[in-house]
Amino acid sequence: MPNEPSTRLSPPPYSTPPGFIAHEYERSRELPVPCASLWTWLSTPETFTRQLWPFWVEFVAGSGVNGASGFAPGVLNVHHGPLLHAAGILTRVDTLDDPPPLTRDLHYFYGSSMLTMKLVRPILLRFGAGPAGDQACILTLRVECDVRPWIAGFWTRAQSLFWSAFFRSALAGAKRVPVRSPTEHTHSHKST
């Protein structure tokens with residue numbers, strides 16, 4: 001039987017509104033942990049739902065394809081707190097059974113905002129993980145937003161500060177995940 005990738009959904013329709021520009025922030029770091037440990041940590045909802053008060057991440061249980069919950073295609077998700085309201089849908093969620101690099105896409109709905117809808121409108125949050133040797137993994141994150149032109153420089157600096165802390169958390173979190181032996185994990189694919 002042919003190998004097929006995980007279920008992928010189309011992102012919600014969206015176009016950059018007048019007066020905004022597209023802003024893309026992407027960073028990668030090599031972390032000295034196996035990709036299976038890193039991806040397991042990234043694929044655990046509690047990694048994101050145990051946030052620092054007053055910020056929260058919520059998943060709508062059973063909203064995914066075939067009633068799936070957690071990190072699965074179709075699951076609805078919202079990040080919220082002061083100056084933050086970002087509601088979206090998981091459109092791609094690779095698993096350890098998919099070939100590397102692994103990717104997860106969260107597309108945000110119209111009406112989502114950071115700071116205020118008049119300044120920053122999030123579109124996409126993507127995580128990726130690919131091997132960098134047997135015991136190392138490259139974690140890549142990408143954030144796409146529409147921003148007012150005059151705030152773009154500030155927004156890049158703010159993203160750098162926030163995501164630097166996330167990379168440190170990812171390393172610490174992945175180190176706590178038990179390493180699976182090569183016999184427990186193969187790059188087999190789901191077949192239909």
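Quick look at the values:
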| item | result |
| --- | --- |
| Filtered residues of region 94-105 (kept if part of a strand (DSSP E or B) and modelled with pLDDT under 95) | none |
| Every pair of residues 6+ apart whose Cβ atoms lie under 8 Å, when the first sits in region 66-93 and is on the phi > 0 side of the Ramachandran plot while the second is open to solvent by 10 Å² or more (accessible area, probe 1.4 Å) and among the aliphatic types (A, V, I, L, M) | G74/L9; G74/V65; G74/A68; G74/I89; L83/M114; L83/L115 |
| Residues that are among the aliphatic types (A, V, I, L, M) and in contact with a Leu (Cβ under 6 Å, 6 or more places away or on another chain), drawn from region 67-112 | V75, L83, I89, L90, L106 |
| Breaking point among (1) at pLDDT below 95; (2) under 26 Å from S160 (Cβ atoms); (3) open to solvent by less than 80 Å² (accessible area, probe 1.4 Å), for W56 | (3) |
| Selection count, region 25-56, where residues are more than 22 Å from R8 (Cα to Cα) and of a type outside the set (K, R) | 17 |
| Residue that is surrounded by the fewest Cβ atoms within 10 Å (Cβ to Cβ), among those in region 15-35 that are outside any strand (DSSP E or B) and within 19 Å of the chain's Cα centre (by Cα) | P34 |
| Residue list for region 36-55, restricted to those being outside any loop (DSSP other than H, G, I, E, B) and under 15 Å from the mean Cα position of the chain (by Cα) | L38, W39, T40, W41, L42, P45, E46, T47, F48, T49 |
| Failed item, numbered, when K118 is tested on (1) open to solvent by 40 Å² or more (accessible area, probe 1.4 Å); (2) over 15 Å from the mean Cα position of the chain (by Cα); (3) modelled with pLDDT under 95 | (3) |
| Residue satisfying all of: in region 63-76; over 14 Å from the mean Cα position of the chain (by Cα) and open to solvent by 40 Å² or more (accessible area, probe 1.4 Å); nearest to A136 (Cα to Cα) among these | S69 |
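Conditions (1) part of a helix (DSSP H, G or I); (2) surrounded by 13 or more Cβ atoms within 10 Å (Cβ to Cβ); (3) modelled with pLDDT under 95; (4) more than 13 Å from the chain's Cα centre (by Cα), marked per residue:
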{"residue": "I89", "(1), (2), (3), (4)": "no, yes, no, no"}
{"residue": "P122", "(1), (2), (3), (4)": "no, yes, no, no"}
{"residue": "G133", "(1), (2), (3), (4)": "no, no, yes, yes"}
{"residue": "L141", "(1), (2), (3), (4)": "no, yes, no, no"}
{"residue": "E144", "(1), (2), (3), (4)": "no, yes, no, no"}
{"residue": "W150", "(1), (2), (3), (4)": "yes, no, no, yes"}
{"residue": "G153", "(1), (2), (3), (4)": "yes, no, no, yes"}
{"residue": "S160", "(1), (2), (3), (4)": "yes, no, no, yes"}
{"residue": "E184", "(1), (2), (3), (4)": "no, no, yes, yes"}
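The values are calculated or read from the model by the stated rules, or taken from the named source; none is laboratory data. Given the structure is predicted, the values throughout are model-derived calculations rather than measurements. Note: ideal-geometry Cβ built from the backbone for every residue, glycine included; neighbour counts use all protein chains shown. When the accessible area is computed, the model is the full protein with side chains, heavy atoms only, and any ligands, DNA or RNA have been set aside. Shrake-Rupley method; radii C 1.70, N 1.55, O 1.52, S 1.80 Å.
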